[in-house]
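Inspection log for the structure reproduced underneath, given as structure tokens.
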Amino acid sequence: MIEFLNESPLSEPLIFDSHAHYDDNKFDGIRDELLSEMPNHGVAGLINCGCDVCSSKTALSLAEKYEYIYATAGIHPENIGGGTVEEIKTLSRHKKCVAIGEIGLDYYWVTDNKEEQKKLFKEQLELANSLCLPVIVHDRDAHADTLELLKKYKPKGVLHSFSGSPETAKQLLDLGLYIGIGGVVTFKNAKRLPEVVAMLPDDRFLLETDAPYLAPVPYRGKTNNSAMIYFTAKKIAEIRNTSVRNILALSKQNAEKLFKI
């Protein structure tokens, strides 16, 4: 059995997963079965994000194979050397490429190449703006530098898997950006995130999985998939005192607007 799908409480097409990685090797052996079944468990759409040229090509291949899947092209800060910005530009011309991403800064794993990371981030922000495409931004332990560059380039897009404070969220909202919320909001140690979720405008949040990672409670530690967004939406609905259906519908509407789907 593929974890969770056989007991999904949602059959209506209300889930839009704005950030997943189905090219990850954790899906080897179950990928086609899982993606073929997803629309039967409430998933209306998902965006498979590239992290370098190779994974961006795979994301686009998945988007060609499955009507409900869209893709992005970009070079993640942990994948410096995984292709050129010119190659990303070529891939971004594909009709199902909806954003430049996953791009940004990560000072958690590597701290001795900050300038190189910032240079790559700048180049990809410039590319997105020149193509009128939104960006999907990764920020880990690099809030100040990420915010500085976003203020400078003012792209359209989303801050994926947001982990900052309500104050930082407000600054991003003031720039016109969306906030991506995933399964972490269901974790007991997610102390600031519920505050952020409570203050977000209805038209400025997206739901995401980051599959295969960050599965929500009660599946924490398992291989995440887009159908599990139901549990993330359930927690957000509790925080915002509304229905799961409303949260899912708003997120889907917001994603379709941002990515012009």
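The values are calculated or read from the model by the stated rules, or taken from the named source; none is laboratory data. All values derive from a computational prediction rather than experimental measurement. Neighbour counts are summed over all protein chains in view; Cβ atoms, including those assigned to glycine, are modelled from backbone coordinates with ideal geometry. Side chains are part of the model used for accessible areas, which takes the heavy atoms of the whole protein and leaves out ligands, DNA and RNA. Shrake-Rupley method; radii C 1.70, N 1.55, O 1.52, S 1.80 Å.
One residue is enough: does segment 54-76 have a residue meeting the conditions aromatic (Phe, Trp, Tyr) and either more than 22 Å from Lys260 (Cβ to Cβ) or open to solvent by less than 10 Å² (accessible area, probe 1.4 Å) (or both)?
Looking through segment 54-76, none of the residues is aromatic (Phe, Trp, Tyr) and either more than 22 Å from Lys260 (Cβ to Cβ) or open to solvent by less than 10 Å² (accessible area, probe 1.4 Å) (or both).
Of everything in segment 108-122, what is assigned to a helix (DSSP H, G or I) and among the hydrophobic types (A, V, I, L, M, F, W, C)? Give them in sequence order.
Within segment 108-122, Leu120, Phe121 qualify.
Residue by residue, here is whether (1) open to solvent by less than 10 Å² (accessible area, probe 1.4 Å); (2) in contact with a Gly (Cβ under 8 Å, 6 or more places away or on another chain); (3) hydroxyl-bearing (Ser, Thr, Tyr) holds:
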{"site": "Glu123", "(1), (2), (3)": "no, no, no"}
{"site": "Glu126", "(1), (2), (3)": "no, no, no"}
{"site": "Leu133", "(1), (2), (3)": "no, no, no"}
{"site": "Ile136", "(1), (2), (3)": "yes, yes, no"}
{"site": "Asp145", "(1), (2), (3)": "no, no, no"}
{"site": "Lys152", "(1), (2), (3)": "no, no, no"}
{"site": "Gly157", "(1), (2), (3)": "yes, yes, no"}
{"site": "Phe162", "(1), (2), (3)": "no, yes, no"}
{"site": "Gly176", "(1), (2), (3)": "no, no, no"}
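Restricting the search to segment 21-43, which residues are small (Gly, Ala, Ser) and under 16 Å from Glu64 (Cα atoms)?
Within segment 21-43, Ser36 is the sole residue that qualifies.
If you go through segment 82-101 one residue at a time, do you hit one that is touching a His at 6+ places or on another chain (Cβ under 7 Å) and not in a loop (DSSP other than H, G, I, E, B)?
No: segment 82-101 contains no residue that is touching a His at 6+ places or on another chain (Cβ under 7 Å) and not in a loop (DSSP other than H, G, I, E, B).
On the given criteria, is Leu105 in contact with a helix residue (DSSP H, G or I) (Cβ under 6 Å, 6 or more places away or on another chain) and more than 30 Å from Ala233 (Cβ to Cβ)? I'd like the intermediate steps shown before the answer.
Values: in contact with a helix residue (DSSP H, G or I) (Cβ under 6 Å, 6 or more places away or on another chain): yes; more than 30 Å from Ala233 (Cβ to Cβ): no.
So Leu105 fails the test.
Kindly establish whether Asp210 is under 25 Å from Val110 (Cβ atoms), of a type in the set (D, E, K, R) and modelled with pLDDT under 95.
No; evaluated as a whole, the condition is false for this residue.
What pairs come out if I take residues in segment 112-139 that are within 20 Å of Ala20 (Cα to Cα) and pair them with residues that are of a type in the set (S, T, N, Q) and assigned to a helix (DSSP H, G or I) whose C-beta lies under 6 Å away, six or more apart or interchain?
From segment 112-139, the pairs are Asp139/Thr146.
Can you tell which of Leu34, Leu46, Leu10, Leu62 is in a strand (DSSP E or B) and in contact (Cβ under 8 Å) with a residue 40 or more places away in the chain?
Leu46
Out of all the residues in segment 1-30, which are at pLDDT 95 or above and open to solvent by less than 50 Å² (accessible area, probe 1.4 Å)?
Once the filter is applied, which keeps residues that are at pLDDT 95 or above and open to solvent by less than 50 Å² (accessible area, probe 1.4 Å), segment 1-30 yields Leu14, Ile15, Phe16, Asp17, Ser18, His19, Ala20, His21, Tyr22, Asp23, Asp24, Phe27.
Going residue by residue through segment 190-197, is there one that turns out to be within 22 Å of Tyr107 (Cα to Cα), open to solvent by less than 10 Å² (accessible area, probe 1.4 Å) and among the aliphatic types (A, V, I, L, M)? Let's see the steps before the verdict.
Step one: filter segment 190-197 for residues within 22 Å of Tyr107 (Cα to Cα), giving 190-193.
Subsequent filtering for residues that are open to solvent by less than 10 Å² (accessible area, probe 1.4 Å) retains none.
Within segment 190-197, not a single residue is within 22 Å of Tyr107 (Cα to Cα), open to solvent by less than 10 Å² (accessible area, probe 1.4 Å) and among the aliphatic types (A, V, I, L, M).
May I ask you to list pairs of residues, at least six apart or on different chains, whose Cβ atoms are under 9 Å apart, with the first in segment 198-221 being at negative phi and open to solvent by 20 Å² or more (accessible area, probe 1.4 Å) and the second being β-branched (Val, Ile, Thr) and part of a loop (DSSP other than H, G, I, E, B)?
Partner pairs satisfying both residue conditions: Tyr213/Thr223.
What number of residues within segment 222-245 are out of contact with any Pro (no Cβ under 7 Å at 6 or more places or on another chain), buried (at least 17 other Cβ atoms within 10 Å of the Cβ) and assigned to a loop (DSSP other than H, G, I, E, B)?
Qualifying residue count for the region: 1.
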